[in-house]
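The values are calculated or read from the model by the stated rules, or taken from the named source; none is laboratory data. All figures in this text were calculated on a predicted structure; none of them were measured in a lab. Quick reminder, even Gly has a Cβ in these numbers, built from the backbone with ideal geometry, and neighbours come from all protein chains shown. Only protein heavy atoms, including side chains, enter the accessible area calculation; ligands, DNA and RNA are left aside. Shrake-Rupley method; radii C 1.70, N 1.55, O 1.52, S 1.80 Å.
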Amino acid sequence: MTESNASTRRLPLLALRHGVLLPGSVSPIPVGRPRSVAAFAGLEVGDEIVVGVQLDSEVTDPALQDLHRVASLARIRGIERREHGRLSVLLEGIERVRLETIDAQVPTLRAQVTRLPDRSAAKETQIRAEELVAHARELAGKAGGALAEAVSEGASPGGVADAIAAVLDLSQSQAVEVLTAVDVDQRVRFVSE
């Protein structure tokens, strides 16, 4: 199902009207639009899909201009069939990708994407990320939970920012701001403020 060369990949695309899947997070996502359900035909656990975020949730048939250009590459961890042809999928965000083109093939969308690796963080950002990890562990205490699991020792500053953002109660626009912040320094500043 995946076509790729060294710098770009062509994968099925799931366009979210609501919600954001950040790299490093695992999230259940309801899938109901026919084109979105069709994107999972032939896919199975372990396969990858691009998860984009719509600019306007009212758009029913999104094109490239209707999506934020930064999206998440995700691994499918579960697919559950629901009533009326709907699905519930469990997706794990892997990394940021840039949407280059979208093919509106009937019945699905496919996106050509380019990886967006984290740019190295400034020393100040690395220190701030280490402080965030220490603070998150202190807050989680012995209770553990998602926050304690989210921040692992030795995680990159960008990974720390994504993990903390995934467990915060962010608005849609704030979560999109974290997703689209390719600059690690900006992302760490955002979640630490």
Is one or more of the residues making up region 36-46 over 18 Å from the mean Cα position of the chain (by Cα), more than 19 Å from THR8 (Cβ to Cβ) and among the polar types (S, T, N, Q)?
no
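Would you list the helices (runs of 4 or more DSSP H) that sit entirely within region 119-193 and hold 1 or more residues that are modelled with pLDDT under 85? Let's see the steps before the verdict.
Numbers: elements: 123-140, 145-150, 157-167, 172-180, 184-192.
Ranges flagged: 123-140, 145-150, 157-167, 184-192.
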Note on region 110-141: residues touching a Ser or Thr at 6+ places or on another chain (Cβ under 7 Å) and among the polar types (S, T, N, Q) are GLN112, THR114
Just one of the numbered conditions (1) free of Cβ contacts under 8 Å to residues at least 60 places away in the same chain; (2) in a loop (DSSP other than H, G, I, E, B); (3) surrounded by 17 or more Cβ atoms within 10 Å (Cβ to Cβ) is not true of VAL59; which one?
(3)
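Return yes when VAL51 is in contact with a Ser or Thr (Cβ under 7 Å, 6 or more places away or on another chain), of a type in the set (Val, Ile, Thr), under 12 Å from LEU13 (Cβ atoms) and open to solvent by less than 60 Å² (accessible area, probe 1.4 Å) and no when it is not.
On the way: in contact with a Ser or Thr (Cβ under 7 Å, 6 or more places away or on another chain): yes; of a type in the set (Val, Ile, Thr): yes; under 12 Å from LEU13 (Cβ atoms): yes; open to solvent by less than 60 Å² (accessible area, probe 1.4 Å): yes.
When the stated conditions are applied, VAL51 passes them.
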Considering only region 110-125, state which residues are crowded, with 17+ Cβ neighbours inside 10 Å and either farther than 30 Å from ALA38 by Cα or touching a helix residue (DSSP H, G or I) at 6+ places or on another chain (Cβ under 6 Å) (or both).
ASP118, ALA121, THR125
Spot the failing condition for GLY42; the list is (1) touching a helix residue (DSSP H, G or I) at 6+ places or on another chain (Cβ under 7 Å); (2) more than 24 Å from ARG187 (Cβ to Cβ); (3) outside any strand (DSSP E or B); (4) not hydrophobic (A, V, I, L, M, F, W, C), and only one is missed.
(1)
Given (1) in a loop (DSSP other than H, G, I, E, B); (2) closer than 26 Å to ALA166 by Cβ; (3) open to solvent by less than 40 Å² (accessible area, probe 1.4 Å), number of the condition HIS18 does not satisfy
(3)
Between a first residue in region 45-56 that is closer than 15 Å to GLY78 by Cα and a second residue that is assigned to a strand (DSSP E or B) and open to solvent by 10 Å² or more (accessible area, probe 1.4 Å), which pairs have beta carbons less than 6 Å apart while being 6 or more apart in sequence or on different chains?
GLU48/ARG75
Is it the case, given these coordinates, that PRO23 is within 19 Å of PRO117 (Cα to Cα) and open to solvent by less than 40 Å² (accessible area, probe 1.4 Å)?
yes
Using beta carbons and a limit of 8 Å, which pairs, at least six apart or on different chains, have the first residue in region 164-193 and more than 15 Å from SER25 (Cα to Cα) and the second one surrounded by fewer than 18 Cβ atoms within 10 Å (Cβ to Cβ) and of a type in the set (Gly, Ala, Ser)?
GLN172/GLY19; VAL184/SER120; VAL184/SER156; ASP185/ALA122
Residues to consider are ARG96, ARG77; find the one that is open to solvent by less than 50 Å² (accessible area, probe 1.4 Å) and not aromatic (Phe, Trp, Tyr).
ARG96
